[in-house]
Amino acid sequence: MKVLFVMPLALPAYMFQLAALTAFLKSKGHVIRYDEIVLDGRLENAHFQHLGRVLDEFQPDLVGFSSYEMSFAWIVEISRWIKNKYSHTPIIVGGYYVTLSPEEVISYESIDMICIGEGEYPLQDLLSSLESDRLRYNIANLWFKVNGQIIRNPTRNLISELDQLPFVDRELFTSKNRNNGILEIMASRGCPYDCTNCSNHAFKKLSFGKGAYLRYRSVDHVLCEIEACLENEHFRMVEFEDDMFSSNQKWLADFCLQYKKRIGLPFICNLRPESGTEEIFKILKAAGCLQVSIGVEAGDQRIRREVLGRNMPDKVIIQAFANAKKAGIKRKSFNMVGLPHETLGSLLKTIWLNLRLAPDGVQTSVYYPFKGTVLGDECYKRGWVDSKRKQKLKLYANDSILNLPGLPRTCIRIAKWLNSATVLRSGNLAVIKTAWRMLFKKS
């Protein structure tokens, strides 16, 4: 069977979830084509003309989309166009936004099916039934629209043995992000924490009783993938994209020992402040870790505890950064501003905490209320979401779609840049170059 995946994006990106799915389907003998549409605002006639040529040439048996909330309006527009021109072609939408808001996604007339949760085996079952010309409507994880009625199937068990899956697809995706000499890898699926702003707690609730949510590939499986990539392409660094690279300390110790022997390239990874012990950083440093990204998120302990569900005092964060510095590992601080219930004082606390941390890198995003998350749903319930602003915003890093009581948007935007500027304390001047480019870039 032939499957066309269409991905409208505001910026080029390597789609790990989709790359895992396409690799699995290709291993089952299906023919896959991927079409990335990078948009600067609206869809234009040229985009549809291009897509029409792709559809005419490839003649897919199924068109699929992987949905993010901010790209979903584009997905609706494209799927409507496809249905008008190629009404016989079934359309399925998967991804995190479908998993969080399935009722909304399936309600659109142009969308025939949705996939909730992990898509490898549900998609294989669907393609097998399409191939036999006897479409099954009882496939776990899939919802179908039949004669105006919605068939809502339950979810299946999570994939427990990740080693049974092929390495992610490195051939199909040609994003410009891959040309930076950094090999991106994921060694696990899931996260042990339940931050209210994140989708992981919703995914865990959905898959409760369906197996362990946090799963690691074996050390050898991950290393074999890296070695296979190095045979075909030159990389100067490895970046582990896992939400929490250090959750399983025994796995981490075994992995770092073997990584040093078999790979030897410098690498970067993510971890939480709670796991930032001297022992962990010694293990990472010995294996070649150059930098860790640590989630600070908010400098106000009350906001972290009561709003984000991250019950960690300042001293734990400060100690983690100090331990990394002592080990000779660079530190990058992840932060959000414009959170619900924040005040001007809360924003100042975030800036002050980062000044104390003196990180080597700072990433400051503006909070975006994702539907289906605890915090996002609260924002919609309280009427804080500006729907008009939401429709216009395609990148949430620089502005807020919330009208928060007592916290003007101007203060949020200023706090974003002031907090990013705290990196200057470590001597990193890159933020000045970034700000200069943004202020004076050619229109």
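No lab work stands behind these numbers, since they all come straight from the coordinates. Note that this is a predicted model, so its numbers are computed, not measured. FYI the Cβ positions are ideal-geometry reconstructions off the backbone, even for glycines, and counts take in every protein chain you see.
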Only helices at least 18 Å long along their axis, Cα-based, and averaging 0.0 or more on Kyte-Doolittle count here, so list those DSSP H runs from the chain.
72-85, 219-232, 314-327, 344-357
Loop-located trypsin sites (Lys or Arg not before Pro) in the range 1-83 whose Cβ has at most 10 other Cβ within 10 Å (DSSP):
R42
Taking a threshold of 27 Å on the Cα-Cα distance, which of the pairs K28/K371; K282/K332; K145/K210 fall above it?
K28/K371
Relative contact order of the range 328-436, pairs being alpha-carbon contacts under 8 Å that are 6 or more residues apart, as %
36
Length-normalised contact order of the range 1-52, Cα under 8 Å, at least 6 apart, in percent, tallies to 51
Rounded to the nearest 20 debye, dipole of the chain from Cβ charges on Lys, Arg, Asp, Glu
1520
Measure out, as a whole number of angstrom, how far apart the alpha-carbon centroids of the range 89-151 and the range 273-320 sit.
39
Which one of G211, I151, S333 has its Cα pushed farthest toward the positive end of the charge dipole of the chain, where Lys and Arg give +1 and Asp and Glu give -1 at the Cβ?
S333
Return C411, C379 ranked ascending by Cβ neighbour count within 10 Å, so the fewest neighbours appear first.
C411, C379
Note on the range 318-382: C-alpha Rg/Rh, Kirkwood Rh, two decimals, gives 1.09
Restricting attention to the range 323-402, which trypsin sites (Lys or Arg not before Pro) occupy a DSSP loop and are surrounded by at most 14 other Cβ atoms within 10 Å?
R382
Note down the relative contact order for the chain as a percent, whole number, built from C-alpha pairs under 8 angstrom at least six residues apart.
11
Per-residue Cβ neighbour rank within 10 angstrom, fewest leading, V316, V366, V219:
V316, V219, V366
Taking other Cβ within 10 Å of each residue's Cβ, how do V6, V54 sort, fewest first?
V54, V6
